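Engineer: Take a look at this one; I'll ask things after.
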């Protein structure tokens, strides 16, 4: 396991213990960065207009298309550190 992967997994664990719950935009960013880091570019069809949450998640993830897994991990780690600092 690489050092970056270990830092990413630690950030994922600590994201579940943040001092306060982030806003929806930040939660979407965390979700999208996690998915990009762990699965790569978004695949599948965009959910329909009746699935607003699924559609927002899909769009947030799709906005990161082309971002490497390593870059997504680094951005995720930085965002979690920023949220933990308050």
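Every read-out reported here was derived from the displayed coordinates using simple, explicitly stated rules and does not represent laboratory data. Bear in mind the structure is a predicted one, so any value in this text is a computation, not a measurement. Because the Cβ atoms are built from the backbone with ideal geometry, glycine has one as well, and the counts that use them run over all protein chains shown.
Engineer: Full extension from residue 3 to residue 46: what is 0.36 nm times the residue separation minus their Cα-Cα distance, to one decimal in nm?
Structural biologist: Computed gain between residue 3 and residue 46 is 12.1 nm.
Engineer: Which whole-number percent gives the relative contact order of segment 3-85, counting Cα pairs below 8 Å spaced six or more residues apart?
Structural biologist: The value is 44 percent.
Engineer: Another one. Counting residues in segment 3-85 as N, plug N into 2.2 N^0.38 Å and put the Cα Rg over that result.
Structural biologist: This ratio for segment 3-85 stands at 1.10.
Engineer: Would you calculate, for the chain, the mean residue ellipticity at 222 nm contributed by helices, counting each DSSP H stretch of 4 or more residues as -39,500 (n - 2.57) and dividing by all residues, to the nearest 500?
Structural biologist: -21500 deg cm²/dmol
Engineer: Oh, and also: Give me 20, 70 sorted ascending by neighbouring Cβ count inside 10 Å, so fewest comes first.
Structural biologist: Listed from fewest to most nearby Cβ atoms, that is 20, 70.
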